[in-house]
1. Would you list which aspartates and glutamates come within 20 Å of K187, measuring only between C-alpha atoms, while excluding same-chain residues fewer than 8 positions from it?
2. So who's got an amide H within less than 5 Å of the one on K130, skipping anything under 5 residues away but keeping other chains? H placed 1.01 Å off N, in plane.
3. For the range 21-26, in order, what is each residue's ³J(HN,Hα) by Karplus, 6.51 cos²θ - 1.76 cosθ + 1.60 with θ = phi - 60°, in whole Hz (x at glycine and Pro)?
4. Report, by chain and number, residues whose modeled amide H sits under 5 Å from the one on G24, excluding near sequence neighbours (fewer than 5 apart, same chain).
5. Can you tell me which aspartates and glutamates have their Cα less than 13 Å from the Cα of K130? Leave out same-chain residues fewer than eight positions away.
6. Read phi for every residue in the range 119-131 and hand back ³J(HN,Hα) as whole Hz from Karplus 6.51 cos²θ - 1.76 cosθ + 1.60, θ = phi - 60°, with x for Gly and Pro.
Amino acid sequence: MSRQELLARIAGQLQQIGAPIRMGEGADITIANEFLDAAWGSGNKRIVYDASITLDERESSVYMWERTSETGGGISGGFSGGSWSQSGATLFRKVKSVQYGPGGKAYEIDLDLGAIPKTVKNAAKEAGWKFHTVLRREKAQFSADNPAPPPAVAAVSPAPPAVTAAAGGFCIHCGNRLPAGSKFCSKCGKPAI
């Protein structure tokens with residue numbers, strides 16, 4: 001499977017599970033979002049999730065870096081508070097995020113953070129590519145050895161704005177797939193044109 005096909009497959013599968021992805025910000029796919037811990041009783045526990053995913057066609061390898069950071073406090077069998085951070089592997093944790101769509105309509109995303117690396121790893125394995133979890137973000141970003149592809153051949157690159165909405169391409173702001181005739185992106189709420 002080509003790099004473009006695998007990148008499109010990974011992006012599509014991540015969008016299906018509700019991961020708020022962005023394309024081409026230093027890596028092929030980046031995720032930077034703040035979630036609420038869905039299992040937290042009362043109080044407020046926020047989880048910041050960051051990830052970078054880059055495909056290296058020369059090595060037929062997918063590199064993924066991820067980090068979760070938590071802050072919050074509340075009552076859960078007694079007062080609990082504080083913060084912590086983890087890098088290298090994500091805990092399987094149910095989280096919620098509120099996103100805003102067209103016209104300011106709010107919708108809630110329920111997601112298991114552990115499903116993100118699992119989805120990427122499975123897509124890579126199915127395509128015959130190797131999957132690597134890395135501890136340093138730089139390993140999962142574009143570099144001199146693995147530069148960003150030229151815009152003309154970039155996987156999942158948006159079509160020109162006038163074509164995007166009419167043809168049902170991808171949002172030029174967040175990379176979300178748009179149905180034909182869309183005026184606004186259902187993920188980020190920004191105009192499709």
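1. Hits, sequence-local ones excluded: E25, D28, E34, D50, E108, D110, D112.
2. S61, V62
3. 8, 10, 10, x, 9, x
4. Result for G24 returns I29, T30.
5. D56, E57, E59
6. Coupling constants for the range 119-131: 5, 5, 4, 5, 5, 5, 4, 4, 8, x, 9, 7, 10 Hz.
We did not get these values from a lab; they are worked out from the coordinates using the rules stated. Nothing here was measured: the structure is a model prediction, and the numbers come from that model.
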